[in-house]
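In what follows, a single structure is set out as structure tokens and then discussed.
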Amino acid sequence: MLIKNQIYEGRIEDYTAQGQGIAKIEGCAVFVPNAIQGELCRIRIEKVGKTWASGKMTEILEKSPHRVNRSCPVGKLCGGCEFQHMDYEAELALKAERVRQALNRLAGENLEAVPITGAPSLTGYRNKAIYPVAAQKGRAYAGFFRSGTHQVVEHPHCEILPEETQQVKNLVMDYVNQYRVTVYDESAHKGLLRHIFVRRGAVSGEILVCLIVNGRKLPHVPELLQRLQTVRGFRTLVLGVNTKPGNAVLGEEFISLYGPGYIEDTLCGLTFRLSPRSFYQVNHAQAERLYKAAIRLGQIQKTDLVLDLYCGVGTITLAMAGAAGKVIGVEVVEQAVEDARENARGNGIENAEFFAADAGKAALELENQGLRPDVVVVDPPRKGLNADAIQAIAKMSPRRLVYVSCDPATLARDIALLKNHGYKLKSAQAFDLFPRCAHVESVALLSRNTECESQNNP
């Protein structure tokens, strides 16, 4: 049994899904942040469980050649960029290996490698930011949560965000402090301003600002607008009403205080309307690569019916519409579906339908109505497909299933379940949409046709 506060020597052998290093010490798995595989370290134990422990490096005895100096002044405190201590080559290898291991361990595959598409830029790529706010000694500030906590770390300049996004944050906080707007205290459920939500179109440059508040009104709106109108691309200001206790960010009601309440951006040659609740990949350049790979894998023909579950604002659905006979998108968020319908109209696409419903339940209902799509596309949240969706897909029996995933573990779990229904994994590829961060996207092709040629490099 390891002893708390004692220092041990250990070599980093692997990584957790969150990117922490894993060392085996006296038969116990010890989780160590900011570590790199292969390094020999001295580790101070901070927490001890029955079969695991967590610790902090006090000294690196054998340093990895992939270790680099952090460029972010609050990188060790902020819970956002987990991999700033390693070079990008090591980060990509880590992420590709995470996908490979998940597919082999949980889906019963035997993949020697999974290819990964790296990002063209490691800075300024993120088109959305959500800043929690806090106050100390009479001064309000915004930043990001410290890892594993709801303690806000003030962040003067985040490298993965565009300058305009950070300018918005700074101007809002100047307004908050000047007019003494109260900020939300989660424990007491008091205070007005909870979060600052900023979305910027990577191509259009248009900016949506949504202030999440514990109420329905905001004081001194003209003075705030005067500030925001100095930001290049600012188009709309929205009040997001969230009066419920807890840590959920977005509520159910949005009030437009200035502008149309949405922005527009271009992806895969199409224009999309984006509201506060619209799902839209945060890395535009990589999203295009990911979606184009998904479209290629679908091998859609002009006579095909395509069903897109978890369709968001219709990005993949509408991108596939040009090749298909008809496309159907399903999304649980009603505002996103409204945006998807408007996106279809705005792009002159007439062979697309969208439904607001739970993806699994809608798929079952469509199957009961006799819908038999040729290709099914899924892009579920991190928790993966629910049982209804898997059951409906199996009954519909599409010839191809294209699975876009933001979590390798749930992707592998769902592939294992789909294999029980006669599907086979034909290819898998990872895409790095979150450089310097632990998340990784992937796209997998499953097929009923065992004669289908494997495509290892979509």
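Coordinate-derived values only; no laboratory data. Note that the coordinates shown come from a computational prediction; the quantities given were computed from them, not determined experimentally. As a convention, Cβ positions derive from the backbone with ideal geometry for all residues, glycine included, and neighbour counts pool all protein chains shown.
Some values worked out for this structure:
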| read-out | value |
| --- | --- |
| Calculated FRET value between ARG216 and GLN136, using beta carbons and R₀ = 35 Å, to 0.05 | 0.85 |
| Efficiency of FRET from Cβ geometry, GLN369 and GLU62, R₀ 45 Å, rounded to 0.05 | 0.10 |
| Positive-end residue, the chain charge dipole about Cα centroid, Cβ charges, pick of ASN347, GLY240, TYR291 | GLY240 |
| Per-q log10 I(q)/I(0), the chain, q = 0.11 Å⁻¹ (Debye; single scatterer per alpha-carbon; no solvent) | -0.98 |
| Two-decimal Rg to Rh for segment 64-126 - Kirkwood Rh, Cα set | 1.05 |
| Among 406-419, 19-32, the order from most to least packed when residues are scored by Cβ within 10 Å on average | 406-419, 19-32 |
| Cβ crowding within 10 Å averaged over residues, with 244-254, 378-388, 392-402 ranked highest first | 392-402, 378-388, 244-254 |
| Among 332-338, 195-201, 296-302, the order from most to least packed when residues are scored by Cβ within 10 Å on average | 195-201, 332-338, 296-302 |
| Potential extension, GLU154-VAL249 segment - 0.36 nm per residue separation minus Cα distance | 32.4 nm |
| Counting DSSP beta bridges with both ends in the chain, the antiparallel % (nearest 5) | 70 percent |
| Distance in nm between pseudo-label sites at ALA17 and ARG296 (7 Å out along the Cβ direction from Cα) | 2.9 nm |
| Gain in span if fully extended, LYS190 to ASN386, counting 0.36 nm per residue against the direct Cα distance | 67.0 nm |
| Cross-link reach list, aspartates and glutamates versus LYS24, counting only Cα pairs under 18 Å and skipping chain neighbours closer than eight places | GLU9, GLU13, ASP14, GLU39, GLU46, GLU59, GLU62 |
| Within the chain, helix-based [θ] at 222 nm, where runs of 4 or more DSSP H residues each add -39,500 (n - 2.57), nearest 500 | -7500 deg cm²/dmol |
| Alpha carbon convex hull of segment 18-143, projected area averaged over orientations, nm² | 11.4 nm² |
| Set of aspartates and glutamates with alpha-carbon distance to LYS76 below 15 Å, sequence-local pairs under 8 removed | GLU154, GLU159 |
| Karplus (6.51, -1.76, 1.60) ³J(HN,Hα), θ = phi - 60°, over segment 420-434, in Hz, Gly and Pro reported as x | 5, 9, x, 8, 10, 6, 9, 6, 8, 9, 9, 9, 8, 8, 10 |
| Proximal lysines relative to LYS424, as straight alpha-carbon distance under 18 Å, when same-chain residues fewer than 8 apart are discounted | LYS395 |
